[in-house]
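Novice: One structure coming up, written as structure tokens, with questions to follow.
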Amino acid sequence: MAAAQGHSDDGDGAPLVFQRAVGTLRAARVRPEVELAPMPAPRKLAPYACAVEASVLVEGEELADGRLVLLHDPAGQEAWNGTFRVVTLARADLEPEMAADPLLPEVCWSWLTGALAARGAAYCEPSGTVSRSSSHYFGALAERPDSTQIEVRASWTPQDTAAGGPDAAAHLTAWCELLCAGAGLPPSAGAEQGGGVVSLPNRRGPR
């Protein structure tokens, strides 16, 4: 699914713990609405990295997209408080009335934390931003309806399992639940999010 980047490609020659993490990413089972594809990973953030991009497709329409990067630095980094770090981006278009909700940023962040908890993906040192932007069209594009996009940028340190290294698949599937929530889809079976948080309807009109 995703190719490791860094000291060596495809994890060959990388620390065994990183190779295992990449292997769990490849073995992850995600919702049928989510399409995953490998993408080049950043080379300057850590000695080893693996990246994947995702799209949420319903009836041929893309409702959300994003990318996830798994970083590994055997020496650790102080800001991480560990040797692994997950860095993500998730984007979705919302109906303008939904985007006007003053609680939207808190709701979007709860989608992520709720999904991580539901998947048993232990983590620490979370950080991130939730941004929303609106587009209004004029001239030759005046017939297009106004659009509003929500963007969640987040990173966290996945905790090691008893077997050693993080359960990267759990973190990936939790992140995919965030994408699906942004797309307006209900939580999948076994991944219901706590705190009474529900997905917002955001079916997009014609572009």
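Novice: Between Asn81 and Arg43, take the C-beta separation as r, use R0 = 22 Å, and let me know the FRET efficiency to the nearest 0.05.
Specialist: 0.45
Novice: Could you rank the peptides 83-93, 40-50, 162-172 by their average count of other C-beta atoms within 10 Å per residue, with the highest value first? Provide the component values of the computation, followed by the final result.
Specialist: On the way: 83-93: 22.8, 40-50: 17.7, 162-172: 19.5.
The peptides rank, most packed first, as 83-93, 162-172, 40-50.
Novice: Another one. Using a 1.4 angstrom probe, figure out how much accessible area region 52-113 has per residue, in square angstrom, rounded to the nearest whole.
Specialist: Values: 2690 Å² over 62 residues.
Normalised by residue count, the accessible surface of region 52-113 is 43 Å².
Novice: So between Asp160 and Leu16, what do we pick up on full extension, going 0.36 nm a residue minus the alpha carbon distance?
Specialist: On the way: separation 144, 0.36 × 144 = 51.84 nm, distance 1.37 nm.
Answer, rounded to one decimal: 50.5 nm.
Novice: Over what distance in Å are the Cα centres of region 122-192 and region 32-94 separated?
Specialist: Spelled out, the Cα-based centre of one part sits 10 Å from the other.
The values are calculated or read from the model by the stated rules, or taken from the named source; none is laboratory data. Just so it is clear, the structure is predicted and the values come from calculations on it, not from any experiment. Cβ coordinates were reconstructed from backbone atoms using ideal geometry, including for glycine residues, and neighbour counts include every protein chain displayed. Remember, those area values only see protein heavy atoms, side chains included, never the ligands or the DNA or RNA. Shrake-Rupley method; radii C 1.70, N 1.55, O 1.52, S 1.80 Å.
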